[in-house]
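Down below is the structure, laid out as structure tokens.
None of the figures in this text is laboratory data; all of them are computed from the coordinates on show. All values reported here derive from a predicted model rather than from experimental measurement. Here the Cβ positions follow ideal geometry from the backbone for every residue, glycine too, while neighbour counts run over all protein chains shown.
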Amino acid sequence: MVDVLGTSPALADPRGRLQWARELASEFEGLELTGFPTPRQEFVEAVRLCSGTEGGLEGLVEITEFLAPALSARLRPLLDEWYATDLYEGRDWSALRAGLDFSLPELPALIAEVSGDRVRLPPYCTSVWHAFVHLACHNAPVGRLETSMVLLEHLMLRTEAAALVGEIRAWNDHFAAAWGTDVGPAGLRALRTELAARQRASAQHPEGIEHIEHAEPPAPAVSAAQHPATSTAVTSTTSTATATARPAEPESETEPGAAVPVIRMFIKVAPDLTPFDATGPRRRRPESRYRLSSRVRYVESTRLHQEGRDPEEPVPRSKVPSAVAELLSATAELWQSRDENVVLEIFLPTELLAEPVEWWNRNPQLSHPNPLLSKYSWIFIHSLERMQRRDLHHVWRRRWTRWRSDLGTGQAHWCDPQGRPAAEHLELLDARIGKEEGVVCMVLSDTPRARNGLGLRELRLGLDHGVPVMVFHREAAASEGFRSLVQELLAGEGLANLPATARQWRGDAAAGAAGQRDRTLIRHLGVIWDDPHHLLDGDACAPAAFIGGTD
């Protein structure tokens with residue numbers, strides 16, 4: 001308030017300020033503002049004395065509005081904040097204030113709804129934050145939630161406030177519990193139940209909603225593949241229900257009797273392109289370095305939100321696992337009031353695709369292995385190169401769409417050189433994959449870890465042909481035991497449920513319950529699952545907009 005008063009030309013003039021001081025002295029007995037050497041000191045004294053008098057700040061604002069009308073739109077919101085601090089005492093609102101600093105065209109109608117037509121927004125309420133603190137100045141009916149808290153609950157359904165959902169929940173939970181308005185027919189829990197039911201009804205009957213999402217057609221059945229040297233059609237051997245199964249994607253994690261929405265966190269690990277200086281005293285090329293960045297998508301929002309702070313400096317290759325762990329730990333602090341499961345989608349450059357990401361420690365300081373998969377059971381590995389190279393997107397979309405349509409069954413191709421030289425093997429592989437558009441999965445003959453190795457060259461060939469799914473051994477060439485493991489992985493419901501099956505096996509292996517399966521082979525199982533519809537579609541809200549795969 002002192003700062004705002006200091007911006008007025010009318011009050012900067014000594015004669016105008018003298019008139020202002022006389023009006024205040026006339027309104028408040030004993031208020032004396034003469035004798036101060038600077039205008040700011042007079043403003044400080046006026047605000048201090050008026051704040052200690054009942055109705056004092058209201059009177060100060062009214063007198064100031066009379067003499068300097070231009071200050072009204074700036075002082076009135078501050079006055080609302082002053083009174084709001086009396087209501088919401090003892091809790092820091094800096095995060096809430098920053099998050100609500102946006103406007104809504106339909107804000108007046110929303111305020112009328114949440115207040116039961118008891119409140120009309122004054123012209124100076126130009127942001128959601130202004131509306132919130134203004135509502136805090138209006139007492140709620142006895143036994144009911146504060147109207148400003150009701151507004152916050154409605155805002156949680158808005159995409160504009162998606163990143164603030166956790167803060168809003170914590171805020172309202174705290175004050176509803178403190179004031180005894182969390183339960184009962186007019187309490188916080190009842191309101192959340194009502195709003196959730198309204199949201200579900202809107203989702204089931206979207207005709208009146210501006211944004212209508214159309215369901216994708218189910219994919220044809222995919223099932224077991226034997227170990228051939230050429231492509232094998234993956235056909236259904238299961239029930240009719242399985243025959244129309246679509247590739248499993250954890251849009252929601254299911255718990256007994258309930259579906260729980262998910263938070264998706266996208267992490268990009270990109271090579272640091274800073275040129276290497278070979279002229280210095282250390283001429284040996286240093287360890288490769290990478291830059292990490294992330295975005296988060298919440299269930300109530302299609303937008304990608306930047307949460308927390310990404311590492312500012314590039315990270316050496318050996319430190320990438322610990323840097324990812326630190327990034328996850330910092331971001332998880334922002335989810336303290338949320339209860340959704342988390343899906344990690346990690347985009348790696350080609351030379352890192354064989355990294356055992358699921359088995360990286362989430363806390364390197366612990367003395368025992370503590371893999372990411374124990375806390376984040378859904379982890380998807382994606383090809384950063386495929387995402388960023390737009391020339392690969394057409395063939396990638398074409399193969400995936402053909403699989404998702406009813407034009408045919410998916411095929412898994414086993415890459416087996418059968419003793420041929422690498423060049424001859426790759427030439428035949430290129431011809432076969434190019435000829436068979438039904439191939440949606442390649443099982444590599446070797447790990448793609450080795451620079452210019454056969455497995456890496458097979459993987460690059462698959463990217464060039466748009467094959468969306470890759471399966472490989474992360475450490476070595478595919479052994480007979482590994483081939484048997486993959487055959488079992490593709491059996492039954494096959495490719496359609498590949499991510500879910502691999503997730504289950506890894507969890508069992510981590511818990512020591514892998515049964516007859518080789519736990520070491522499961523740990524070395526690498527899967528790339530690139531769904532172009534999920535990753536590319538959505539314009540500015542698509543992961544590709546963050547990764548760099550769109551203009």
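If the convex hull of the alpha-carbon atoms of region 2-173 is projected onto planes in all directions, what is the mean projected area in square nanometres? Don't skip to the end; give the middle numbers.
Details: hull surface 44.6 nm².
Quarter of the Cα hull surface area: 11.2 nm².
Compute the relative contact order of region 2-173 as a whole-number percentage, counting only Cα pairs closer than 8 Å that sit 6 or more residues apart in sequence.
On the way: 153 pairs, mean separation 28.6, N = 172.
This gives 17 percent for region 2-173.
Once both labels are modelled 7 Å past Cα along the beta-carbon direction, what's the ASN139-LEU334 spacing in nm?
Each label point lies 7 Å from its Cα, and together they span 4.0 nm.
If eta is 0.692 mPa s and T is 37 °C, what Stokes-Einstein diffusion coefficient results for region 431-551, Kirkwood Rh from Cα pairs, in µm²/s?
Value of D from the Cα-based Kirkwood radius: 208 µm²/s.
Please determine, in degrees from 0 to 90 and to the nearest 10, the orientation of helix 188-204 with respect to the longest principal axis defined by the Cα atoms of the chain, where the helix direction is its Cα long axis.
The two axes meet at around 50 degrees.
Could you work out how much longer the chain between ALA491 and ARG420 gets when fully extended? Use 0.36 nm per residue separation minus the Cα distance between them, nm to one decimal.
Fully extending the segment from ALA491 to ARG420 adds 22.7 nm.
Using only Cα atoms, tell me the angle between helix 422-435 and the longest principal axis of the chain; keep it within 0 to 90° and round to the nearest 10.
70
Once you put a point 7 Å from the Cα of ALA511 and another 7 Å from the Cα of LEU366, both along the Cβ direction, what distance in nm separates them?
1.6
In whole percent, what relative contact order does the chain give with Cα contacts below 8 Å and a gap of six or more residues?
12
Explain nothing, just compute: Karplus ³J(HN,Hα) = 6.51 cos²θ - 1.76 cosθ + 1.60, θ = phi - 60°, for every residue of region 375-385 in order, whole Hz, x for Gly and Pro.
10, 10, 6, 9, 10, 10, 9, 10, 7, 5, 4
Decide, for region 69-150, between rounded, prolate and oblate: order the square roots of the alpha carbon gyration tensor eigenvalues as a ≥ b ≥ c, take rounded if a/c falls under 1.5, and otherwise choose prolate if a/b is larger than b/c, else oblate.
Taking the square roots of the gyration eigenvalues as a ≥ b ≥ c, region 69-150 is rounded.
To the nearest 10 degrees, how steep is helix 454-465 against the longest Cα principal axis of the chain, on a 0 to 90 scale?
70
Where a ≥ b ≥ c are the square roots of the eigenvalues of the C-alpha gyration tensor, would you call region 448-506 rounded, which needs a/c under 1.5, or, failing that, prolate if a/b is larger than b/c, or oblate?
Details: a/c = 2.32, a/b = 1.44, b/c = 1.62.
Oblate, since a/c reaches 1.5 and b/c is not below a/b.
What are the lysines whose alpha-carbon lies under 20 Å from the alpha-carbon of LYS268, with same-chain residues fewer than 8 places away excluded?
LYS319, LYS375
Using r as the Cβ-Cβ distance of ARG120 and ARG389, and R0 as 45 Å, what FRET efficiency do you calculate, to the nearest 0.05?
0.25
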